[in-house]
Structures are given as structure tokens and as C-alpha cells.
Amino acid sequence: MEYVQEQVTTLHDLTGRIPDAPTDRTAVVVPMTDREFESRTAERVLSALETVSPNRVVVPLRAPHDAVGPMYDWLSAFDVPLSVLWCSSPRVEALLDDHGLTGPAGKGRDVWLALGVAAADSEFVVCHDADTKTYDSSVVPRLLAPLDRGFSFTKGYYARVEENRFYGRLFRLFYAPLVRTLRRADDGRILDYLAAFRYALAGEFGMTADLAAGMRVERDWGLEVGTLGGAFEHAGFDGSAQVDLGRYEHDHRGVAGPGGLSTMSEGVGSALFRVCEAHGVTPEYETLPERYRDTARRFVRQYAADAEFNGLDYDSAAEREQVETYADAVRPPDDHDRHAVLPAWDDTDIDRGEVLEAARPILSERRH
């Protein structure tokens with residue numbers, strides 16, 4: 001039985017027990033796009049949240065105008081205290097522009113808007129995705145319980161083994177070998193922290209409302225890495241924990257295309273390097289891509305051995321091909337990338353009520 005502790009406190013699922021947790025003082029943030037509309041996975045998530053009884057469920061929604069009404073009606077049918085934020089609303093864009101926060105829209109910006117609303121009337125905030133096929137009502141209390149016992153930040157981890165093969169490709173083949181490569185050249189504590197989490201790119205995390213209000217947030221695919229950078233600053237090793245969420249099955253993305261893993265690797269890489277540079281680590285960018293390749297190829301050999309040991313399918317050539325794709329993202333952030341972070345809510349003058357009003361679907365937008 002595995003119960004090893006890491007550099008951050010690691011809470012294992014050893015008995016199947018669901019811990020007591022103050023869900024009534026917690027806001028749950030569930031980012032969605034129109035592709036989740038009436039999906040079986042999203043319905044599973046929302047139905048489970050009905051039994052959790054959180055203080056509030058905030059759904060930051062990115063969807064075109066004609067999808068807002070149907071999605072709002074569908075979401076409203078679930079018995080949860082719901083706040084829907086239409087994050088792509090023209091009124092939201094205008095509000096952010098008024099406050100000098102115009103910039104790229106993406107998952108990170110959606111979550112940032114939701115965190116401001118969620119932290120206003122809840123003591124704790126839990127955030128997770130809506131594409132988890134194996135989601136159940138234990139997820140929120142598992143992420144939440146450590147926060148009620150003195151920790152400020154929690155991160156979920158789990159196995160990504162589906163269809164008789166390993167998934168979690170962006171973490172396995174890009175993030176983990178890249179962080180290991182950086183650690184070989186620098187002993188910065190931030191690198192130790194980034195390496196301490198078993199699934200650093202998991203979309204499941206929890207934090208105190210104070211931390212949610214005091215953390216800068218990446219606008220797009222760098223959300224999870226940027227969140228770790230903020231947690232390092234505000235919670236540190238002693239205030240952070242990672243929680244075993246069992247075995248997860250997610251919807252999968254292809255490597256190519258606008259929302260594919262290749263595009264995501266660019267956002268993750270930029271965020272990772274911004275976090276490193278902000279904490280005194282200066283990567284040697286000229287040699288880093290080739291050093292990353294060497295490390296990642298070793299990871300591929302290790303995964304191949306692990307897969308064979310467990311009787312899993314494994315395509316080493318395809319994995320090495322992905323490494324080559326991700327190597328293109330190993331480059332310093334450019335000037336545009338360096339403005340891809342939203343300020344902490346504590347450092348803005350935006351009123352949460354303004355966000356709620358601007359992001360609330362009005363009657364004309366809620367018509368079918």
C-alpha cells in the first residue's frame with residue numbers, strides 16, 4: 001500500500017472514507033463551454049453537486065450568443081444555488097475594458113471572473129472541470145477538507161489510465177520532463193514546488209477565499225501552472241496539500257488544432273517560464289529544447305516499461321512524436337505572453353456586483 005509523503009502534504013485514499021467538510025461555506029466553480037451542453041459528463045457532475053449542497057455553484061460560461069439561453073435553462077434545472085456568468089458577454093468585455101483589463105479570453109479568464117464572485121460570500125472555493133466521466137460527490141469534500149484544517153491550497157491528483165493505455169499526455173510528456181530538466185540546472189525552491197505535485201495540470205483544486213482574492217490568474221491554458229505559482233507565493237509548502245481523487249476518466253483532446261494539446265503546451269510552457277522567472281530562475285533557453293527532448297525520451301522509455309509491466313498498450317513512436325511537437329513550445333515568453341496574467345482581485349477596483357450584473361444573461365439572451 002502506497003502512503004509516501006511528498007514535499008507537500010499528500011493525502012491518500014487508503015480507506016475510501018469521504019471526509020467531513022464544510023460544503024455549506026464553499027463555492028464550487030465549474031467552468032463550461034457550449035460543448036458541455038446536455039453532455040452526459042456535465043450532467044453527472046451537476047447531479048452529484050446536488051447532493052453536496054454547496055453554498056454556491058458558479059458556472060463561468062464561454063458560449064456564443066445563440067447558445068446562452070438553452071444552456072442557462074438547462075443549468076437552471078439542477079437543484080443547486082446557481083450563478084451563471086456569461087463570460088463572453090459584450091457587457092463583460094466592456095467592463096474589463098473600462099478597468100484596463102482588455103486581453104485574450106480563455107479558460108483562465110473565465111475562472112478568474114468566477115473566483116471573484118465565489119470568494120465574495122464563501123469561505124472556501126473549489127474548482128473543477130465538467131468533463132469527468134467518473135466524477136462523484138466525494139470530489140468536493142476531499143478537496144475541501146484540508147482547507148478546514150489549516151491548509152490554504154489543495155490540488156487533486158489521480159491516475160489517467162483509460163482504454164488500456166496511459167493518458168494525461170501533456171503532463172507526462174511535456175510538463176513533468178520539462179520541470180525535471182529545469183531542476184537539473186537550477187536549485188530554485190519554486191522548481192521543487194512545481195515538481196512536488198503528482199498531477200500538476202489537474203483542473204481540480206481548492207483554496208481559501210483569501211487566497212482566491214489574492215492570486216493572479218493566467219488568462220488561458222496556463223491557468224493550472226499559474227495557480228501553482230500563486231499558491232507557492234501565498235501558501236508555500238506548509239500551506240499546500242495534494243489529495244488522492246482515485247482514478248479519473250476525462251474527455252480527450254487531439255494533439256493538433258486550436259484547442260489541441262499542441263496549443264495547450266504553448267500556454268503551459270509560457271506560464272511555467274513566467275512563474276520560474278518571477279521566482280529567480282533564469283532558464284538557459286538556447287539549450288533547453290534539446291535538453292528537454294533528452295529527458296522526455298527517457299520518460300518515454302520508462303512509460304513503455306511501466307505499460308508492459310501492467311499489460312497496457314503503449315506506442316513509443318507516437319509518444320516520441322508528441323515530444324517533438326511539444327519541444328516547439330520550449331521557448332521564452334514573448335512580450336505579448338508576459339501580459340497574459342490577470343491581477344489579483346485584491347489589486348483591482350472592480351466590484352463583484354458589477355461582474356455579476358455584466359455576466360448575467362438578460363431576458364433577450366435567454367430566449368431559445
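The values are calculated or read from the model by the stated rules, or taken from the named source; none is laboratory data. Keep in mind the model is a prediction, meaning the values are calculated, not measured. Heads up, the Cβs are rebuilt from the backbone with ideal geometry, glycines too, and the neighbour counts pull from every protein chain shown. SASA here: full protein model, heavy atoms, side chains in, ligands and nucleic acids out. Shrake-Rupley method; radii C 1.70, N 1.55, O 1.52, S 1.80 Å.
Annotations
- Shape category assigned to region 57-99 from the gyration tensor of Cα positions, a/c cut at 1.5: oblate
- D (Stokes-Einstein, µm²/s), Kirkwood Cα radius, region 83-170, 1.306 mPa s at 10 °C: 99
- Helix 107-121 and the longest principal axis of the Cα set of the chain meet at an angle near 50°.
- P(r) of region 137-224 over all Cα-Cα pairs, binned every 5 Å from zero, in whole percent: 3, 12, 17, 22, 21, 16, 8, 2, 0
- The chain: angle of helix 65-76 to the longest principal axis, Cα-based, in degrees nearest 10: 80
- Sorting Asp110, Asp121, Asp66 on solvent-accessible area from highest to lowest, probe radius 1.4 Å, gives Asp66, Asp121, Asp110.
- Ile362 - accessible surface, heavy atoms, 1.4 Å probe, Å² rounded to 10: 70
- Rounded to 10°, Cα long-axis angle of helix 316-327 versus longest principal axis of the chain: 70
- Ranked by the mean number of other Cβ atoms within 10 Å of their residues, highest first, the peptides 218-224, 133-139 fall in the order 218-224, 133-139.
- Debye-sum result for the chain in log10 I(q)/I(0), which assumes one identical scatterer on each alpha carbon, at q = 0.09 Å⁻¹: -0.49
- Region 180-294 shape via C-alpha gyration tensor axes, a/c threshold 1.5: oblate
- Alpha-carbon centroid distance for the pair region 296-338 / region 132-168, whole angstrom: 23
- DSSP beta bridges in the chain [antiparallel fraction, %, rounded to 5]: 35
- Semi-axes of the equivalent ellipsoid for region 36-133, Cα gyration tensor, largest first, Å: 23, 17, 12
- Chain lengthening between Ser137 and Arg149 when straightened (0.36 nm per residue, less Cα-Cα): 2.3 nm
- Backbone geometry of region 297-303 corresponds, through the Karplus equation with coefficients 6.51, -1.76 and 1.60 at θ = phi - 60°, to 3J(HN,Hα) couplings of 5, 5, 4, 4, 4, 5, 5 Hz, x marking Gly and Pro.
- Considering all C-alpha pairs of region 1-73, those separated by over 16 Å amount to 64%.
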